[in-house]
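The structure under discussion appears below in the form of structure tokens.
The values are calculated or read from the model by the stated rules, or taken from the named source; none is laboratory data. These numbers were taken from a predicted model, which means no experiment stands behind them. Positions of Cβ are backbone-derived with ideal geometry, glycine not excepted, and every protein chain shown enters the neighbour counts.
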Amino acid sequence: MDKLKRVLSGRDAEEPSSLGEVIDATSLGWGTRVKGFIACFAIGCLCSLLGSCLLWVPKKGLTLFAVFYTLGNIASIGSTLFLMGPMKQLKRMFEPTRLIATIVMLVSI
């Protein structure tokens, strides 16, 4: 069946490499990327809000705040990976014009 699909699509002459199959299998559609972004961003905002609310818990409040607020920030930053892709995100974060902001953010976390 795969050979028939290759013939009909005009790709019969070249055999797909295993790297090409991995890239095709792991690429996400635009709708899936947006859904992943929204879900990850919502989880990040929820964790940050929960961390802020847990700040007022006696004795363990500061620890809970630090954990949940950090997880919220990481999830919110990670949500953009769905839209841009991990390598493009890292390249943009470490551009010379954004390097200081990236370092300050990572050290703050």
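Below, the figures for the structure above:
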| read-out | value |
| --- | --- |
| Residue match in segment 81-102 (condition: part of a loop (DSSP other than H, G, I, E, B) and surrounded by 12 or more Cβ atoms within 10 Å (Cβ to Cβ)) | yes |
| Members of segment 64-109 found to be over 28 Å from Thr32 (Cβ atoms) and of a type in the set (Gly, Ala, Ser), listed by number | Ala66, Ala101, Ser108 |
| Of residues in segment 53-65 being surrounded by 14 or more Cβ atoms within 10 Å (Cβ to Cβ) and out of contact with any Phe, Trp or Tyr (no Cβ under 6 Å at 6 or more places or on another chain), the one modelled with the lowest pLDDT | Gly61 |
